[in-house]
Every structure is written in C-alpha cells, then in structure tokens.
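Reviewing the structure listed below.
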Protein chains: 2
Amino acid sequence: MYFCYSLNGSVMQKKPLILVTNDDGISAPGIRALISCMVELGTVVVVAPDSPQSAMGHAITINNTLHLNKISDEQALVTEYSCSGTPVDCVKMAISEVLKQKPDLCVSGINHGSNSSINVIYSGTMSAALEAGIEGIPAIGFSLLDYNWNADFEQIKPFVLSIASRVLQNKLPEGTILNVNFPKLKKESIKGIKICRQAKAIWQEKFDKRTTPFGKDYYWLTGEFINLDKGEDTDEWALANDYISIVPVQYDLTAHHAIQTLNSWEF
Amino acid sequence: MYFCYSLNGSVMQKKPLILVTNDDGISAPGIRALISCMVELGTVVVVAPDSPQSAMGHAITINNTLHLNKISDEQALVTEYSCSGTPVDCVKMAISEVLKQKPDLCVSGINHGSNSSINVIYSGTMSAALEAGIEGIPAIGFSLLDYNWNADFEQIKPFVLSIASRVLQNKLPEGTILNVNFPKLKKESIKGIKICRQAKAIWQEKFDKRTTPFGKDYYWLTGEFINLDKGEDTDEWALANDYISIVPVQYDLTAHHAIQTLNSWEF
C-alpha cells in the first residue's frame, strides 16, 4: 500500500513508481506485455536497451560512452527511454539520470526464453533485477519458456500482475530478489506457483567451428542444457510439472558453509 | 598430489594441468605474474581475452562469432591462446576446443584492481573463475588492490603460490570457488590471510554527462564505492587491516532463508 498525506492531513493513496527494463531490447514483445501489466499497478517508467543484450550477465559499460534517448512523446501514458548500454547500465541510468530517485519496484523482462537454474548467472534480464536489488529496490525478473519472438504472453499476464502486486505489498526479504519463470502453457493448464531453489545444472558447450571465406577458423558458441538435479524442490522440476517457479535470489555470493573448512587449511 | 601409474605398475607423479585466464587481456602484467607462479606448480595453458574485458560480468558471446589464436610458438614453455570473447567465453573455449579435457585448476587474474565485496558480481575475472567452478573445476580469482598497469605483483607471488598449492592439494568444498584479494602492500607488511564473507557494499553511480561536438548528450559511468558493512569478518575489513581476503563464492544464488517467508505469501 502506498499512502501519502496531503497538507490538510487527509490520507491520499500514492501510485507506486515502477521501473521496467529487459535484455531483449525496448521493442521486444515481452517488455510490451510487462508494461501493459505494470500500468495497472502504478506509474511506469521504462529504461531498456536499444538493442538485444541477451546473455550479457552483469556486464557494465566502463570503456565506452552511454547514450540515453527519450522515445515516448509528452502525451504518452508511459515514459520510455532507450539506452545504448547493458541491462545493468539501464537500471543505473534510470535511477541516477531519469527517475533521480529509487522506484518502489523494478521489473525486468518478460524474457523470451528461460532464466531458470544456472541461466540466472548468464542472464541480462536477471542481472538488471539483481542490480536493482543491490540498490535496495524490490525487484523481479520474469521469463517465459518460449524463445519465439511471437510468444503468447497473454497467458501469463494474470500471474505477472499477482506476483508484482504481492511484492509491492509485502516488499521482499532483505538482500533478495525474485526469479520468476513461466512454463509455455495455456493459462488454464498452469497448475500454480512453486517457491523453489535453483536447480543444479550446466550448459554443455558445443562450439560450431567454421571457416571464413578467407580460410580462417571461427566459432559459434552453442550448447546443450543439462539438468543434474533430481530434486523436486527445484525450479526445473516445477517448470517440467506445469508450475510457475519462483526462486528467491541473493547477491551475497559468500558460500558461508565453506568458511569453516577453509579456516582449517594451513596456507 | 597428482599420481598416475606406469605400465609396469610403478607410481609416477603427474603434473597438474592449470588453465590461466583473466579479464584485463592476455598482455596485462597481472596475468604474466600469475603465469610465472603457475609454471612452478604444473603444466600451464593460457586462454585469455585479446583485449580488456573488465566489468563484463558473466557475459557470453551468443550474437557474434568467436576467434581463437595460438600466440605461443612450439618451443614455448607455456601454450597461449588469445580469444576474441569475454572471460567466460575463454574458459568455455579452453575446455572445449583447446584442452579438450577439464584442467585440474583454473586461475584467473591477477586482476589490476579490487574484486572484493559487491565487485564480485561485475567482475570478468571472477566470472571466469565462476564458470570453471560451474564446470566442476577447482577455481580461484586473484586480484590486487592496485589499478596501476605497473602494479608490483612481485610482493604477492609467494601468497598466490601458497593458495593455489593448497587448492590443488585439498580441492574445494563442492559448489565453491575462491575470491582472493591482496592489499597493496610490501610482502613483509601483509599480516596474513583471512577467510571472510563478502561485505555488504554498493557503488553509488555518478554519470559524467557530456556533449558531443554535434550537440548530443552522452554519459560516462563513474561511481563511488560505499562499504555499508561494519563487520570484522568481511573482505573489506581484512583488506583495510592489511590482510589478504579469501571469500568462498558460490553460484547457487538461491536465498534459501527466504523460501519459508515466500511460502507464506498468497499469490
């Protein structure tokens, strides 16, 4: 709930300020779906990459200049900026140069494709949400398990709204953000929401080696996702069993359980 | 200890295979210092970025081609490859295309500048080590708190050797890698090694706004590091008090403590 007090002491409800970003770029259908949900919850400002920035992880731009362009007109319901940087740059610029304050919520996505399990580490979508979390802003990354540019985001909108509302209402446990993944299903086939842990999985690389017209070797990075985790409390299990997965994600990477072991080592 | 058995059953010591990478680029003095340490411990193969890749986080190259060039000659003690990709790409290419096996150890660095505290999230050096960890390889990221290109890495070499030896000997607790940071001090002024947790800190952004010769605004990302953590068990405390900090780092980002809270929410 967002309240503020008017000069005469009466309580007025204040609309929450919501920052929207992504990694597929500002024109992606996924971010358009997310914006259409967020306008039902608050005042929306969009700062998103001007080009696709998938798999950029937590990269920031320190060896190059950054450009910010207001792309919405004055009459628009939603204020929108495109940014030449990475998803993390977008969040930093939004807070520092556009909003000049911290929003009440930051949402990132809806990503075209999964960010479950180990994908969280490579994902620009999740890194943008993580950056907001580091800055103390409640944050959620949303992803749909459908890489198709024309994926059907309509099916998941009610869930996006419900999850974002709860986060606005309850905030989030300190130091955490949410990684939300949706199975590619019709609304009525989704069984519900499961709070999960990140499944243990890897990408098994396969480099596709080719030769340029000038005889020089080059490579394309491809790979196969391998789930190594049989647990039924994981995001991979939930998604395979028609549930929406929510993993609370932290940015304190300390492996606290390993400290005692290392203290027993003689260096 | 690495042993293998010869055909007649006698035990022969086998040299461990060590992969070296970094994010400052293959010609940086920091990686040269690290290579000179590692040749004392095993057979060294270097696969490192052909240009600086600082602050690339866990970015990977999926929308562009990758190039790999062998830059050492046949007589060289150490085999070296430069790669056009990010630090994480280097580790993936090293395992899949260069070594065609998993090394016994992966070391990344020595970074010119700190990767303590929240820097671990943005760091290409640490992401390379993390990628090796995800692939099940014992891995260490080394960083010196001196951004200078001509930083004095000689002072820390004995500690680098000692830490890497211990990891080769003991392996690491499952699912963890090490984030090692060195204070900028003479060898004899370093008080020892502390096993630490990641300090809670943020970068407070300051965008340096400028105007192009053509009248268009652009920005440089700058910022100030702010330590919000008064704990004496953190990496920031250790470094400020003349200790080497070692933080065990994990890539399971699940905030396990938050699962119960979220389970009590009604979506």
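Quick notes
- When the protein assembly as shown is described by a simple charge dipole with +1 on each Lys and Arg Cβ and -1 on each Asp and Glu Cβ, the residue from B:Val107, A:Thr21, A:Ala255 located farthest towards its positive end is A:Ala255.
- Dipole of the protein assembly as shown, positive end: most advanced residue of B:Trp149, B:Gly57, A:Gly136 [Cβ charges, Cα centre]: A:Gly136
- For the residues of A:201-211, the average number of beta carbons from a partner chain within 10 Å of their own beta carbon is 3.
- For the protein assembly as shown, carbon and sulfur atoms together expose 50% of the accessible surface, with a 1.4 angstrom probe and every protein chain in place.
- Rounded, prolate or oblate (a/c below 1.5 giving rounded, otherwise prolate when a/b exceeds b/c) for the range A:118-267 by Cα gyration tensor: oblate
- About the Cα centre, charge dipole magnitude for the range B:1-152 (Lys/Arg +1, Asp/Glu -1 at Cβ), debye: 380
- Size estimate for chain A follows the Kirkwood approach: the inverse of mean 1/r over distinct Cα pairs works out to 19.7 Å.
- Here the gap between A:Lys70 and A:Arg32, fully extended at 0.36 nm per residue and compared with their Cα-Cα distance, gives a gain of 12.0 nm.
- Comment: the Cα-to-Cβ extended label point of A:Asn241, at 7 Å, lies 4.7 nm from its counterparts in the other copies, nearest first.
- Using a 7 Å projection from Cα along Cα-to-Cβ, the label point at A:Gly215 is separated from the same position in the remaining copies by 5.2 nm, smallest value first.
- Residues along the range A:93-137 losing 40 Å² or more of accessible surface when the other protein chains are present rather than the chain by itself (probe 1.4 Å): A:Glu97, A:Ile121, A:Tyr122, A:Ile134
- The mean sequence separation of alpha-carbon pairs under 8 Å and at least six residues apart, normalised by the residue count of the range A:29-174, gives a relative contact order of 27 percent.
- Computed on the Cα atoms alone, the convex hull of the range A:105-183 gives a volume of 82 cubic angstrom per residue.
- Rough spin-label spacing in nm, given labels placed 7 Å along Cα→Cβ, for A:Ile226 and B:Tyr147: 4.1
- Two-decimal log10 I(q)/I(0) for the range A:30-111, as the Debye equation yields it once each C-alpha is a single scatterer, q = 0.18, 0.24 Å⁻¹: -0.77, -1.36
- Once the 1.4 Å probe is applied to the protein heavy atoms, the range A:40-161 comes out at 32 Å² accessible per residue.
- Heavy-atom accessible surface that A and B bury in contact, both chains counted, 1.4 Å, Å² to 100: 7000
- Cα gyration tensor of the range B:34-193 - equivalent ellipsoid semi-axes, whole Å, descending: 24, 18, 17
- Under a model in which nothing but the beta-carbon of Lys, Arg (+1) and Asp, Glu (-1) is charged, chain B shows a dipole of about 320 debye around its Cα centre.
- With protein chains left intact and a 1.4 Å probe, residues in the range A:196-264 average 54 Å² of accessible area per residue.
- Net length gained if the chain between A:Lys15 and A:Ser264 were fully extended (0.36 nm per residue, minus Cα distance): 84.3 nm
- The protein assembly as shown - charge dipole about Cα centre, Lys and Arg +1 at Cβ, Asp and Glu -1, debye rounded to 20: 220
- Among residues other than B:Ser143 with Cβ under 12 Å from its Cβ, the summed charge is -3 (Lys and Arg +1, Asp and Glu -1).
- Inter-copy spacing of A:Glu154 label points, which lie 7 Å from Cα along Cα→Cβ, given in nm from shortest upward: 7.2
- Cross-link pairs B:Lys15/B:Lys102; B:Lys15/B:Lys194; A:Lys184/A:Lys209 - those with Cα-Cα distance over 22 Å: B:Lys15/B:Lys194; A:Lys184/A:Lys209
The values are calculated or read from the model by the stated rules, or taken from the named source; none is laboratory data. Given the structure is predicted, the values throughout are model-derived calculations rather than measurements. For neighbour counting, all protein chains shown are included, and Cβ atoms are generated from backbone atoms with ideal geometry for every residue, glycine included. Ligands, DNA and RNA are stripped out before the accessible areas are found, and what is left, the full protein with its side chains, is counted by its heavy atoms. Shrake-Rupley method; radii C 1.70, N 1.55, O 1.52, S 1.80 Å.
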